[in-house]
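> Just dropping this structure here.
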Amino acid sequence: MPASYAYLGPEGTFTEVALRTLPEAATRELVPYVSVQSALDAVRAGEAEAAFVPIENSVEGGITTTLDELVAGTPLMIYREVLLSITFALLVRPGSKLSDIKTVTAHPAAQPQVRNWLRTHLPEAVWESAASNADGARLVQEGRYDAAFAGEFAAARYGLEALETGIHDAENAQTRFVLVGRPARPAAPTGADKTSVVLWQRDDHPGGLRDLLGEFATRGINLMLLQSRPTGAGIGNYCFCIDAEGHISDRRMAEALMGLKRICLQVRYLGSYPRADVKPGEARPPFPGTSDEEFVGAADWVARCQDGRF
């Protein structure tokens, strides 16, 4: 396997900045790809050890392109996550003024994060989506657009100027990125972990989603992301992407996944990995009755009852 990480490029994306925060990135060749799909396909094809892609932001929620790629195709697995605070700069060719800007571009996920600023400061500007924020900067450099929303750090790389900085509609906006590789044994639990799965219902019936969520709720497992995605099988056919607190080696999580496997048409396990928002030892303890010790004790009690030793 090549000692390389694929990422959403070109150079100068927020994805690259987040990737470089991983210690192991210093020992890998970092290879930019033109899209999330192509970066993940590089892993599937064995051209890269792993891919680093955005999966969620705090303004719009899950990034559908990444979720859909993880839902479909050859299974992949999440190994790490990184949170990055996001603010945008308006990048222009040197000498441009705000009044010169008639067209703007950026990645589609950026638009909800700058929509109000754009409406206030450039109400007549026409928005066009780019493959990434850095690719938008490249297109401005080439003269295709007048301005791009991107990281201020991308300006020098593309010979542009930051006409405005610190642009964001929501304070403390963050984007979550994940390191994705081929399926393998998950890392050992840290005590502050997250498990990601995709669930397909057997059929559409009243209370169907409640039944799925009940497998988590009855075991005291908190959900951190719940997003439905169309399956492509027709209107009303959806699967559910879920992030839940805990690790597959936790008894409560393992039992929840077994329950889901029994009642779902299909379950795709996307991995158990360390959370980026809390450190080990800072995560809240299990709810009463849901610790591994209590699961073991309950199983021992059932065994004793079966043996007539209660």
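The values are calculated or read from the model by the stated rules, or taken from the named source; none is laboratory data. Computed from a predicted structure; not experimentally measured. Neighbour counts are summed over all protein chains in view; Cβ atoms, including those assigned to glycine, are modelled from backbone coordinates with ideal geometry. Surface accessibility is based on the protein's heavy atoms, side chains included, excluding ligands, DNA and RNA. Shrake-Rupley method; radii C 1.70, N 1.55, O 1.52, S 1.80 Å.
> Within region 209-258, work out how many residues are part of a loop (DSSP other than H, G, I, E, B) and open to solvent by less than 70 Å² (accessible area, probe 1.4 Å).
Final tally of qualifying residues: 13.
> Which numbered condition in (1) modelled with pLDDT of 95 or more; (2) closer than 26 Å to V178 by Cα; (3) out of contact with any Gly (no Cβ under 7 Å at 6 or more places or on another chain) is the only one that C241 fails?
Of (1) modelled with pLDDT of 95 or more; (2) closer than 26 Å to V178 by Cα; (3) out of contact with any Gly (no Cβ under 7 Å at 6 or more places or on another chain), only one is false for C241: (3).
Here's the yes/no breakdown for (1) over 30 Å from T13 (Cα atoms); (2) touching a residue at least 12 places away in the same chain (Cβ under 8 Å):
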position: A184; (1), (2): no, yes
position: A192; (1), (2): no, yes
position: R202; (1), (2): yes, yes
position: G220; (1), (2): yes, yes
position: L226; (1), (2): no, yes
position: A233; (1), (2): yes, no
position: G236; (1), (2): yes, yes
position: I242; (1), (2): no, yes
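> Any idea which residue in region 62-111 is surrounded by the most Cβ atoms within 10 Å (Cβ to Cβ), counting only those that are of a type in the set (S, T, N, Q) and under 15 Å from the mean Cα position of the chain (by Cα)?
Applying the filter and picking the extreme gives T66.
> Can you report the number of residues in region 259-296 which are surrounded by 12 or more Cβ atoms within 10 Å (Cβ to Cβ), more than 23 Å from the chain's Cα centre (by Cα) and assigned to a helix (DSSP H, G or I)?
The number of residues fulfilling the criteria is 6.
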